[in-house]
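So the structure is just underneath, and the comments pick up after that.
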Amino acid sequence: MRPSALPEGPGGPGGRALHLSGVRLDHRGGDGQPFRVLDIPELSIAAGEHIGLRGPSGSGKTSLLHLIAGLIAPSSGSVSWDGRIVSTLPVAARDRWRRVTIGFVFQDFHLIPELDVAANITLPATFAAWSIGAAGHERAAALARRMGLADLRRRASVLSRGEQQRVAIARALFNRPALILADEPTASLDAAHAQEVAALLTEVASEVDATLICASHDAALLARMGRVIEIGAPAGTASTERAA
Amino acid sequence: MNPFPMVLADLRALRWTALAIVALVALAVAIGVAIGAQERAIRRSSAAAADDFDLLIGAPGSQTQLVMSTIYLQPDALPILDGHLLNTLAKDERVAQVAPIAFGDISRGYAIVGTTAAFAGRWGKLQPSEGRLFAAEGEAVLGADVAYKLGDTIAPSHGVAGHATRPGEVDEEEAGHRHEGLGYTAVGRLPRMGSPWDRAILVPIESVWEVHGLGNGHASEEAGNPFWGKRSETGEGHTPAEARIGLPFEGQRVPGVPAIVVKPRSVAGAYALRAQYRQGGTMAFFPAEVLVTLYRALGDVRNILVVASTLNAVLILAAVILLLVAVASLRQRRYAVLRALGAPRAYVMLVIWLGMALLIAAGCLLGLSLGALAARTVSGLVEAQTGLRLTFALGAQEMLQVLLLFTIGSVISLLPALLSYRSPIVTGLRD
């Protein structure tokens, strides 16, 4: 099956925040033969859009998030943010761009269990500064309140899974990212917590006017997205898009 | 960039492993430090104890044995020198001071040493901390650690060569070999010297001779006023004789002595005396010569121990590093998450390296303390056994050794940090 082009987002070329052009990602299989994971001739996502990525396991949803975040480089093509190609930036510059622009939410939360809620939320700030200052602490407390987390001094290891994901969302928001990438953010949660986290994620993304891209199998979460992009099977890497 | 929150989190996560690493490094450091510092302390203290023994003269035999018996008061049976040699040496222009050293008797486990009052005061260098030096036969001056009080009567017993005594205790051997009816009166106490002589009871050489029925080496003996040890009328204590004590020994018969200590007037005189008394039925030597030989042997032992402890340290360090590499590998996912959240490679590298360096530094510091503690403990045991006070101090050598270990450990710790530096983020996230 021939890979198809992804239509442009509603923002149009002028207002696009994220733009993928001719992006291909090839991996080498266990037999040494290369296979194509992603083939995206064109994809544009406007600032503040909420995008869902849907597709079967192994279809390349996570790879697309990694590619957008600059964790992997495309085999060909480019990823641009606000008109600036970020996929070819040197490692240090890409790290800085990711730190400043992106908030990442993982399926398994990936909190630091030995740190408390406050330290987990403020962790990204310690990558660039020695001290987060009083304003940083206040922001962490405000985010925690917004997430319904009462006790900032509790260790992450003693939190429920729902609480952990809320801390992870607060951590992703701490640096005021313009782009939030969430990889199966509700997959590790029970239905009640999944609903709660899905609502929270979309609400806070709207509140801070951030672009949200969620890779998920969760229909309820995807239903909250403005657009859902279908990512095809790895052998064909067909990609389609439909409005949610 | 502030890596400490993550470093502390990593150390908390490691917990027992971290403690084990610190303990292993501490053990390696402690062994090295204790060996080096102890050997140096033994060397210093033993040399200090031999300070006033410039030249020793004895009957031909083992120089080491003579040094051990005379300076370190380790009891042994020694051949006897002709006592007239004391007078000869006293008249020798090359000799500034001369004193006999006679031993063999004990009281409550303390060695009784017969000598002159001048040598008891180490030729004017020492002032008694209590009382005075002995001035007559039957009087005794106590070493600083001797558990007699001034005025006490000291009952001597015949010591048995090779039999170890415990200072302050009367054992069966001592009780069974008492010189019945004799006793010294404690008249003074010497200040602490940090040598086995702190546990000695110093008495006039004449008294030692007389206890053993050899006379006192003075004319008073021939004049019928021989013995200090007659019981007083009350039957308690003993009546000191009025005879003169100390050099010269003008009696026709001067009993022999196991050792003579000589303070030469000059270096040239010292060498000339040594050469002269190395023949003709005597043995003369500088104790320093014997100590140098002993130190060489001690140094060889130390070198072997140092090599062993260095190998031990290297093995422990290698084990620790392998452990840390394994731990860092297990944590690739955690570090990949940090990178995904925007942490620069340098941050992750610093977190890994700093964590390891802190563990090694903590191990080094703990090792220094443990090494010092071990050395102090051994010093205490040596002092309890010999009376030789070992002044322990951490020297530049130990510090350098620890610094070297820390530096090597820190440099090797870069290995897991570099591995993480090169590791792709996505691989870590997938693991």
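A single member of A:L201, A:L222 is closer than 30 Å to A:A125 by Cβ and either at pLDDT 90 or above or more than 14 Å from chain B (Cβ to nearest Cβ) (or both), and it is A:L201. Out of all the residues in segment A:185-203, which are within 15 Å of the chain's Cα centre (by Cα) and surrounded by 21 or more Cβ atoms within 10 Å (Cβ to Cβ)? Within segment A:185-203, A:P185, A:T186, A:V197, A:A198, A:L201 qualify.
Taken together, B:P240, B:P264, B:P255, B:P248 contain a single residue that is modelled with pLDDT of 90 or more and more than 14 Å from every other protein chain (Cβ to nearest Cβ), which is B:P264.
Filtered by the rule that a residue be more than 7 Å from every other protein chain (Cβ to nearest Cβ), over 14 Å from the mean Cα position of the chain (by Cα) and surrounded by fewer than 24 Cβ atoms within 10 Å (Cβ to Cβ), segment A:105-121 gives A:P113, A:D116, A:A118.
For segment A:58-72, does any single residue satisfy the condition of being open to solvent by less than 20 Å² (accessible area, probe 1.4 Å), more than 9 Å from chain B (Cβ to nearest Cβ) and more than 18 Å from the chain's Cα centre (by Cα)? No. Evaluation of B:M68 against the conditions (1) touching a Ser or Thr at 6+ places or on another chain (Cβ under 8 Å); (2) not assigned by TED's automatic domain parsing to the domain that holds B:R166 shows that the sole unmet condition is (1).
Kindly state which helices (runs of 4 or more DSSP H) lie completely within segment B:1-77 and contain at least 3 residues that are open to solvent by less than 20 Å² (accessible area, probe 1.4 Å) and closer than 30 Å to B:L273 by Cα. Reasoning before the result, please.
Details: elements: B:4-14, B:16-49, B:63-70.
Fully inside segment B:1-77 and qualifying: B:16-49, B:63-70.
A quick yes/no check of all residues on (1) more than 14 Å from chain B (Cβ to nearest Cβ); (2) in a loop (DSSP other than H, G, I, E, B); (3) crowded, with 21+ Cβ neighbours inside 10 Å:
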residue: A:V79; (1), (2), (3): yes, no, yes
residue: A:T88; (1), (2), (3): yes, yes, no
residue: A:R94; (1), (2), (3): no, no, no
residue: A:G103; (1), (2), (3): no, no, yes
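Summed over segment B:87-100, the residues that are buried (at least 24 other Cβ atoms within 10 Å of the Cβ) and of a type in the set (A, V, I, L, M) give a count of 2. You will find that of A:F109, A:F104, the residue that is on the phi > 0 side of the Ramachandran plot and not polar (S, T, N, Q) is A:F109 and no other. Does segment A:126-144 contain at least one residue that is of a type in the set (K, R), more than 10 Å from chain B (Cβ to nearest Cβ), without any contact (Cβ under 8 Å) to a residue 12 or more places away in the chain and at negative phi? No, there is no match, as no residue in segment A:126-144 is of a type in the set (K, R), more than 10 Å from chain B (Cβ to nearest Cβ), without any contact (Cβ under 8 Å) to a residue 12 or more places away in the chain and at negative phi.
Condition check for A:V158 on (1) open to solvent by 60 Å² or more (accessible area, probe 1.4 Å); (2) at the interface with chain B (Cβ under 10 Å from one of its Cβ atoms): one failure, at (2).
Just one of the numbered conditions (1) under 27 Å from B:S266 (Cα atoms); (2) free of Cβ contacts under 8 Å to residues at least 40 places away in the same chain is not true of B:A99: (2). For segment B:110-140, a residue qualifies if it is surrounded by fewer than 21 Cβ atoms within 10 Å (Cβ to Cβ), farther than 13 Å from B:W197 by Cβ and among the charged types (D, E, K, R), and the qualifying residues are B:E130, B:R132. Only one of the listed residues (B:P156, B:P196) is at pLDDT 85 or above, in contact with a His (Cβ under 8 Å, 6 or more places away or on another chain), open to solvent by less than 50 Å² (accessible area, probe 1.4 Å) and not small (G, A, S). That residue is B:P156. Within segment B:360-385, residues that are farther than 9 Å from B:V33 by Cβ reach partners that are among the polar types (S, T, N, Q) and open to solvent by 70 Å² or more (accessible area, probe 1.4 Å) with beta carbons closer than 9 Å, at six or more positions or on different chains, in the pairs B:S379/B:T391. Looking at the structure I just gave you, is B:D52 more than 14 Å from every other protein chain (Cβ to nearest Cβ) and charged (D, E, K, R)? When the stated conditions are applied, B:D52 passes them.
The values are calculated or read from the model by the stated rules, or taken from the named source; none is laboratory data. Not measured: the values here are computed from a predicted model. Here the Cβ is made from the backbone with ideal geometry for all residues, glycine too, and neighbour counts use every protein chain on show. Side chains included, ligands, DNA and RNA excluded: accessible areas come from the protein's heavy atoms. Shrake-Rupley method; radii C 1.70, N 1.55, O 1.52, S 1.80 Å.
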